[in-house]
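Only one structure is covered here, and it is reproduced in the block below.
The numbers here are math on the coordinates, done by the rules we state, and not lab data. From a predicted model like this one, the values you see are computed outputs, not experimental measurements. Cβ placement follows ideal geometry from the backbone for every residue including glycine, while neighbour counts extend to all protein chains displayed.
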């Protein structure tokens, strides 16, 4: 439900030590309240930070890995640009591994030549820099979901494992035109609102909407 949020952030080693001591860890292991408590510290410790989002309409028409790669490239490029003039050397770039390793490695090499690419499954839980970025992305998503609840009556977290979200999907199953925050290619719809599900091939055949960042 809703956009995909991607965050990138740059920290010194000393800042990462302070974040670990403060309890920064995988956003999924923290409550919303705790994430929001840690957010100001993360923003204060970051040398640079960028948040990008991929809109539902783009997710419906694109390969998700490709769309996410583009969002990561944009976020890393913005971080690089913000670091210019700070006289800091980026020694490594860590990313929670998905898709093909060589594509991520090539992306990092293009944005930060010479930096070590640390690509790990579960990096959000293993590396403080990824934990911090995941918290920022999750805080931004939570706040956006609040807006969707206000605008469209969305219930729950927007994830398929959430019973409230599943109940809301069932409640809109008969609509002829669902709210634009819904990912029409979401396979969860096949179970709870099959009438609203539209395959990516059919969506690609229609005119692609403009996407926001």
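Legend: translational diffusion of the range 4-147 by Stokes-Einstein, Rh = Kirkwood radius over C-alpha pairs, 10 °C, 1.306 mPa s; D = 103 µm²/s. Note on the range 152-205: Kirkwood hydrodynamic radius from all Cα pairs is 11.3 Å, rounded to one decimal. The length gained on full extension between residue 87 and residue 63, counted as 0.36 nm times the residue separation minus their Cα-Cα distance, comes to 4.9 nm.
Principal-axis analysis of the Cα atoms of the chain puts helix 32-45 at an angle of about 40° to the longest axis. Computed from Cα atoms, the angle from the helix 101-111 axis to the main principal axis of the chain rounds to 60 degrees. Peptide packing: for 24-30, 4-10, the average count of neighbouring Cβ atoms within 10 Å per residue gives the ranking 4-10, 24-30, highest mean first. Mean residue ellipticity, 222 nm, helices only, the chain: the sum of -39500 (n - 2.57) across DSSP H runs of n ≥ 4, divided by residue count and rounded to 500, is -15500 deg cm²/dmol. Contact order for the chain, expressed relative to its length and based on alpha carbon pairs under 8 Å spaced 6+ residues apart, stands at 29 percent. Between 0 and 90 degrees, the angle of helix 64-83 with respect to the longest Cα principal axis of the chain falls at about 40 degrees. Full extension of the chain between residue 147 and residue 44 yields a length gain of 34.5 nm, computed as 0.36 nm times the residue separation minus the alpha carbon distance.
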